[in-house]
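Novice: Just passing along the structure, written as structure tokens.
Read the figures in this text as sums done on the coordinates, not as results from a lab. These numbers come from a predicted model, not from an experiment. We place every Cβ from the backbone using ideal geometry, glycine too, and count neighbours over all the protein chains shown.
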Amino acid sequence: MKHQAFVGDVSALHILQVPQLASHILLAGIGSQLQAYDLADGRHLCSCPVLQDGAHIHGLHSCAAAGGAVLTVHGDHFAKVLSVASCKANHGLSFHEVLDFGRQSSWTMDSIIFASAAADAFHAALGLSNNTVLVSLGLRQDAAHLGFDNEEQVPVRFSCSEQLLLYSMALLHQASKKEIWAAAGTVFLDVLIWCFAFENGTQAEVAPAAPLLRLRGHEGSIH
């Protein structure tokens, strides 16, 4: 890909595999857009506007789905879930919006998406700089795998009992216990580890979770 020139700063990279395509796809977040490249020959496949104009994509996470993949995209105060599939047009790749988390008052830190126990259903989580996590449960593909039924979805908000401003956050899904773990790097140079059982969130907001661990001793902020 040395011969390809990027226009703007590349703020996020992700390698994606779509089963119907022979090669892997490199996704590059440049400004508010996703650029897709074929890793086999470096060809630019397509460009997809995702976030609001002026926002910058900072993170991507994907999960395999029937007929393609689902992808979380976050940056600045915004986050979306996209479905990715092969198609005859657009150089063989198509993106469709599944869920828009809307503008958040806090910065988006991390996002993940993973399959649920139910067939063809997914959960998406978005970590925010106020040490909270939004989880959209049960994004479900229809019988033809053409879209998702999430009209009644209201993201559940999980929070840490210590509401601190964060420099960074990393989310991890632990499938065996149906939990999401959060590692939160605070402005006070601590890293707080907390977790929650995401399928217990049946209301718009649940009780805060206390930190399980507090890591100290490092110097500088964690990004």
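Novice: Show me 164-173, 11-20 ranked by packing, highest mean number of other Cβ atoms within 10 Å first.
Specialist: 164-173, 11-20
Novice: In addition: In whole Hz, what ³J(HN,Hα) sequence does segment 176-190 give by Karplus (6.51, -1.76, 1.60; θ = phi - 60°), x for Gly and Pro?
Specialist: Values per residue, Gly and Pro as x: 5, 10, 6, 10, 10, 9, 10, 10, 10, x, 8, 6, 9, 6, 9 Hz.
Novice: Taking the Cβ of Leu82 as the center, what net charge do the other residues with Cβ under 13 Å away carry, scoring Lys and Arg +1 and Asp and Glu -1?
Specialist: Once positives and negatives cancel, what remains is -1.
Novice: Right, here's the next one. So between Glu179 and Ala64, what do we pick up on full extension, going 0.36 nm a residue minus the alpha carbon distance?
Specialist: Using 0.36 nm per residue and subtracting the Cα-Cα distance, I get 39.4 nm.
Novice: At what distance in nm do the modelled label points of Asp9 and Asp100 sit from each other, each positioned 7 Å from its Cα along Cα→Cβ?
Specialist: Computed distance between label sites Asp9 and Asp100 equals 2.5 nm.
Novice: May I pose another question? Find the relative contact order for segment 11-136 and round it to a whole percent, using C-alpha pairs within less than 8 Å whose residues are 6+ positions apart.
Specialist: Relative contact order, segment 11-136: 17 percent.
Novice: Then there is this: Could you give the alpha-carbon Rg of segment 22-111 over 2.2 N^0.38 Å, rounded to two decimals?
Specialist: In units of the globular-protein estimate, segment 22-111 measures up at 1.07.
Novice: Find, among the trypsin sites (Lys or Arg not before Pro) in segment 1-81, those assigned to loop by DSSP (not H, G, I, E, B) with at most 15 other beta-carbon atoms within 10 angstrom.
Specialist: Answer in residue order: Lys2, Arg43.
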